[in-house]
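Peer 1: Below is the structure I would like to discuss, written out as structure tokens.
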Amino acid sequence: MTADGEHIVGPAPGADGFFIVGCCSVAGLSVFAAIGEVLAAWIVDREPPLDLAPLSVTRFAAQSEDELRRDAARQYHHFYGTAR
């Protein structure tokens, strides 16, 4: 679970040719095939077929690890209703 409840999709910073697709949890099962198709096109064509910048892992760069953990726990609780 991410701090904002969204997926992580895109290249890993500092690791040329390595892509991340994660944090899809149960809600992501309905879109995972589409994400895989878009990511495959991105890898083959070397550019994304649509703007996936909002799903980049770099969107969390300004937050501390403690903030990310707190916000991710809040998102988990929102989706699954269990302990924070």
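The values are calculated or read from the model by the stated rules, or taken from the named source; none is laboratory data. Since the structure is predicted, the reported quantities are computational estimates derived from the model, not experimental observations. Here the Cβ is made from the backbone with ideal geometry for all residues, glycine too, and neighbour counts use every protein chain on show.
Peer 1: Checking the structure you have, find out if any residue of region 6-17 is among the charged types (D, E, K, R) and touching a helix residue (DSSP H, G or I) at 6+ places or on another chain (Cβ under 7 Å). Lay out the reasoning, then the answer.
Peer 2: Here is the first cut: in region 6-17, the residues among the charged types (D, E, K, R) are 6, 16.
Filter again for touching a helix residue (DSSP H, G or I) at 6+ places or on another chain (Cβ under 7 Å), leaving 6.
Yes, the conditions are met somewhere in region 6-17.
Peer 1: Now for a different question. Could you please find all residues in region 48-70 being of a type in the set (S, T, N, Q) and without any contact (Cβ under 8 Å) to a residue 40 or more places away in the chain?
Peer 2: Passing the criteria: only Ser64.
Peer 1: Here's a check for you: in region 39-84, which residue that is loosely packed, with under 12 Cβ neighbours inside 10 Å and in contact with a Lys or Arg (Cβ under 9 Å, 6 or more places away or on another chain) is nearest to Ile20 (Cα to Cα)?
Peer 2: Ala53
Peer 1: One residue is enough: does region 37-47 have a residue meeting the conditions closer than 19 Å to Gly14 by Cβ, in a loop (DSSP other than H, G, I, E, B) and in contact (Cβ under 8 Å) with a residue 40 or more places away in the chain?
Peer 2: Checking region 37-47: not a single residue is closer than 19 Å to Gly14 by Cβ, in a loop (DSSP other than H, G, I, E, B) and in contact (Cβ under 8 Å) with a residue 40 or more places away in the chain.
Peer 1: Among residues belonging to region 1-21 that are farther than 22 Å from Val44 by Cα and among the acidic types (Asp, Glu), point out the one that is modelled with the lowest pLDDT.
Peer 2: This residue is Glu6.
Peer 1: Could you check how many residues of region 29-43 are aliphatic (A, V, I, L, M) and closer than 12 Å to His7 by Cβ?
Peer 2: Total satisfying the criteria: 6.
Peer 1: Within the group Gly10, Gly5, Gly17, which residue is surrounded by 14 or more Cβ atoms within 10 Å (Cβ to Cβ) and assigned to a loop (DSSP other than H, G, I, E, B)?
Peer 2: After applying the criteria, what remains is Gly5.
Peer 1: Quick one: how many residues across region 22-52 are in contact with a helix residue (DSSP H, G or I) (Cβ under 8 Å, 6 or more places away or on another chain) and at pLDDT 90 or above?
Peer 2: Of the residues in region 22-52, 4 are in contact with a helix residue (DSSP H, G or I) (Cβ under 8 Å, 6 or more places away or on another chain) and at pLDDT 90 or above.
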